[in-house]
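Engineer: Pasting a structure here, questions to come.
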Amino acid sequence: MDFGVVLRRPIESTRLIRQVRLNLPMRHTSFSDKVLDTGGVHGDDMPRANECYAYFYVAGSFNPAQITERVGVAPTKSCVEGDVIERTKMLQKCSRWQLYSRLEKTATLEQHVLDVLAQLDAKSSAFKQLSGELGGVMELVGYFYADYPGLTFERDVIGRLAEYSLSVDCDFYYLWKEDHAQ
């Protein structure tokens, strides 16, 4: 059965994902359970928990205000094609309309996806039409300081992603330091 869900892996994180697959056991545990002393990876000696979030987005040549009006929901973030990207001199190549999970970054990716889907469900007809027209994406982002806990979606979650014709894009960053492994 084809649910229409496409898993994509960005080129820039392929090496990081390969490292995760080669070096870490795949276990299904909570992100908040995984803490590792990163030994100052980010300028401190405090332990860091894995962090993740998820968001829905559409991208293209459009005015984000019109998307907001159309779906009746305010975005968490939006930008217009040609805007300057923060902290860079580059310009946005397209407009984007994004709706983020409302959960803390220590929640599991699965919980984040469910929260975003619940927000889409509030205006399901509008989001289904929008996603079908503009190629909606469920973006998953994980910063793994301890290990990779694995990612599993129950059948009903896959079905819900398919209802919105969403592709799934995973950006996972493995930030564990080799010299702190025991």
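The values are calculated or read from the model by the stated rules, or taken from the named source; none is laboratory data. Keep in mind it's a predicted model, so treat the numbers as computed, not measured. Note that we place each Cβ from the backbone using ideal geometry, even for glycine, and neighbour counts take in every protein chain shown.
Engineer: Is it the case that region 126-141 has a residue that's under 16 Å from the mean Cα position of the chain (by Cα) and aromatic (F, W, Y)?
Structural biologist: No, region 126-141 has no match at all.
Engineer: Also: What about G72, is it at pLDDT below 95 and loosely packed, with under 13 Cβ neighbours inside 10 Å?
Structural biologist: The answer is no for G72.
Engineer: Oh, and also: For residues that are surrounded by fewer than 12 Cβ atoms within 10 Å (Cβ to Cβ), closer than 22 Å to Y143 by Cβ and in contact with a strand residue (DSSP E or B) (Cβ under 8 Å, 6 or more places away or on another chain), tally how many sit in region 75-120.
Structural biologist: Looking only at that region, the number is 1.
Engineer: Quick check on G39: is it touching a helix residue (DSSP H, G or I) at 6+ places or on another chain (Cβ under 9 Å), within 30 Å of D147 (Cβ to Cβ) and either surrounded by fewer than 18 Cβ atoms within 10 Å (Cβ to Cβ) or at pLDDT 95 or above (or both)?
Structural biologist: Yes; evaluated as a whole, the condition is true for this residue.
Engineer: Suppose we keep only residues that are modelled with pLDDT of 90 or more and part of a loop (DSSP other than H, G, I, E, B) within region 154-182. Which one would you say is farthest from Q111 (Cα to Cα)?
Structural biologist: The residue in question is S165.
Engineer: Which residues, taken from region 132-150, are in contact with a Leu (Cβ under 6 Å, 6 or more places away or on another chain) and not in a strand (DSSP E or B)?
Structural biologist: Correct list: G136, Y145, A146, D147, Y148.
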